[in-house]
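A short worksheet on the structure shown next.
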Ligand code: SF4
């Protein structure tokens, strides 16, 4: 039995015939059509930064980011900002 397509349809769940009825929070709420609730999306962070490539004698200056945080431990051209 495919519960998702036969019993627990989004608009008309048939909780009376469902083997999960005893455990289901949607059914217990009295309004199973409202489950699952949509998650609120977090806003996408916007960051601004400046970087520069410093070359001297055929070498390039790189900086290793702190081990914890955004892109932790990766190497980058020196960033300020
Ligand atoms: S009891 Fe739960 S899983 Fe079963 S049909 Fe109702 S809402 Fe869907």
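Would you be able to say whether some residue in region 34-51 is part of a strand (DSSP E or B), at pLDDT 85 or above and more than 30 Å from residue 9 (Cα to Cα)? Checked region 34-51: no residue is part of a strand (DSSP E or B), at pLDDT 85 or above and more than 30 Å from residue 9 (Cα to Cα).
Got at least one residue in region 3-13 being modelled with pLDDT of 90 or more, part of a loop (DSSP other than H, G, I, E, B) and over 26 Å from the mean Cα position of the chain (by Cα)? Yes - at least one qualifying residue is present in region 3-13.
Among the residues of region 19-30, is there at least one that is surrounded by 10 or more Cβ atoms within 10 Å (Cβ to Cβ), more than 25 Å from the chain's Cα centre (by Cα) and more than 16 Å from the ligand (Cβ to nearest atom)? No.
The values are calculated or read from the model by the stated rules, or taken from the named source; none is laboratory data. Note that this is a predicted model, so its numbers are computed, not measured. Heads up, the Cβs are rebuilt from the backbone with ideal geometry, glycines too, and the neighbour counts pull from every protein chain shown.
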